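Peer 1: Provided herewith is a single structure, encoded as structure tokens, for subsequent inquiry.
The values are calculated or read from the model by the stated rules, or taken from the named source; none is laboratory data. Computed from a predicted model, the values in this text were never measured in an experiment. Cβ coordinates were reconstructed from backbone atoms using ideal geometry, including for glycine residues, and neighbour counts include every protein chain displayed. Each accessible area value is taken on the protein alone, full model and side chains, heavy atoms only, with ligands, DNA and RNA left out. Shrake-Rupley method; radii C 1.70, N 1.55, O 1.52, S 1.80 Å.
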Amino acid sequence: MGNHRIVVSAENNPYMGWQCQLFYFSCVTRLKQQPLIIVHDSRSNWYSGFYDLVKAGCAVYPAPNYRVYGRGDDYACRNHPGSLIEAAKLLTDQNSFIVLCDADLIFTRTIDFPETLSGEFSSILNYEADFVSDASRELGIASELDYAQKDSLSCSVPYIVPLDQAHELGTTWLQAIDAFHPRQWEDVMYAFGLAVVKLGLKLNVTRLADTNYFPDEEVRAAIIHYAYADERWDKRHYFTVEQVA
């Protein structure tokens, strides 16, 4: 693991609560590391799942809600760069790296994370799209990205960010998100790539994770991103606070 600190971006709700518990279990049993969970929109009380995590020894920190911005948009994924900014305030070892994760990841074994700015390859992004070019121009990226560069920017979680770059990258990532309108759910991933270009950084692409798109296949990757659902199981089917009561 080296100097890599696992950071989870979450919100204060039951949906994120149970995912963070599952994430925590896989992190401490497979990576042998306690993750840092950033909980946005903490209000006065957390949902019970987060208190259970604290009792188990997990570092859970409250954070402001970044999801609403100037135009009045409510976009939950703005909390991703918000978590990066908040983690940069909490961590002090400038030689370390933040591994920024969604809660819907499961670790299956130990991982040697690269010691450079990185993102996990995603096949769903298309930087050739007109709406990406529009956002790029609004962000002030004047020159067209060449094909090789666009391919290298196609990535998602987990993001590996040197701590000394985290605050500036998080701030620029927020600006890049706000250059996209109307809003689409994958804008957060495109915006990360554009923020990297805006800052003149070099991005390494990893292939550490697999999805559950084919749920019956043998586990091969070090990380499972359970983003998909079928008739047997869906991460969006869970007991709410009202149902539990």
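Peer 1: Taking the dipole about the Cα centre of the stretch 24-124, with the C-beta of Lys and Arg at +1 and of Asp and Glu at -1, give me whichever of TYR24, THR108, ALA87 is farthest to the positive side.
Peer 2: It is TYR24, whose Cα lies furthest towards the positive end.
Peer 1: On to the next question. Looking at this model, which pairs from LYS150/LYS198; LYS89/LYS150; LYS32/LYS150; LYS89/LYS198 are more than 25 angstrom apart at the alpha-carbon?
Peer 2: Working: LYS150/LYS198 13 Å; LYS89/LYS150 31 Å; LYS32/LYS150 35 Å; LYS89/LYS198 22 Å.
Those over the limit are LYS89/LYS150; LYS32/LYS150.
Peer 1: To continue, here is another question. Nearest-5 percent of antiparallel DSSP beta bridges in the chain? Each step should come with its number before you reach the end.
Peer 2: Details: 11 of 32 bridges.
Antiparallel bridges make up about 35 percent of those DSSP assigns within the chain.
Peer 1: Same structure, new question: Provide the solvent-accessible area of THR172, counting protein heavy atoms only and rolling a 1.4 Å probe, rounded to the nearest 10 Å².
Peer 2: About 10 Å², rounded to the nearest 10.
Peer 1: By per-residue mean of other Cβ atoms within 10 Å, what is the highest-first order of 60-67, 218-225, 154-161?
Peer 2: Values: 60-67: 17.9, 218-225: 15.4, 154-161: 23.8.
The densest-packed peptide leads the list: 154-161, 60-67, 218-225.
Peer 1: How much of the accessible area of the chain, probe 1.4 Å, is carbon plus sulfur, in whole percent? Intermediate values should be presented prior to the final figure.
Peer 2: Numbers: 6120 of 12150 Å².
Exposed carbon and sulfur together represent 50 percent of the surface.
Peer 1: How much net charge surrounds LEU84 when only other residues with a Cβ under 14 Å from its Cβ are counted (Lys, Arg +1; Asp, Glu -1)? Numbers along the way, then the final one.
Peer 2: Working: positive: ARG5, ARG78, LYS89; negative: GLU86, ASP102, ASP164, GLU168.
The answer is -1.
Peer 1: By its C-alpha gyration tensor, with a ≥ b ≥ c as the square roots of the eigenvalues, how is the stretch 127-212 shaped: rounded for a/c under 1.5, else prolate for a/b larger than b/c, else oblate? Don't jump to the answer; show the numbers that get you there.
Peer 2: Values: a/c = 1.39, a/b = 1.21, b/c = 1.15.
Verdict is rounded for the stretch 127-212.
Peer 1: I've got another one for you. From zero up to wherever the largest Cα-Cα distance of the chain sits, split into 5 Å bins and tell me the percent of pairs in each.
Peer 2: Calculated P(r), rounded to whole percents: 1, 6, 14, 18, 20, 18, 13, 7, 3, 1, 0, 0.
Peer 1: Please state the charge dipole magnitude for the stretch 85-229, taken about the Cα centre, from unit charges on C-beta atoms (+1 on K and R, -1 on D and E), reported in debye and rounded to the nearest 20.
Peer 2: Values: 9 positive and 23 negative charges, 51 e Å.
My answer is approximately 240 debye.
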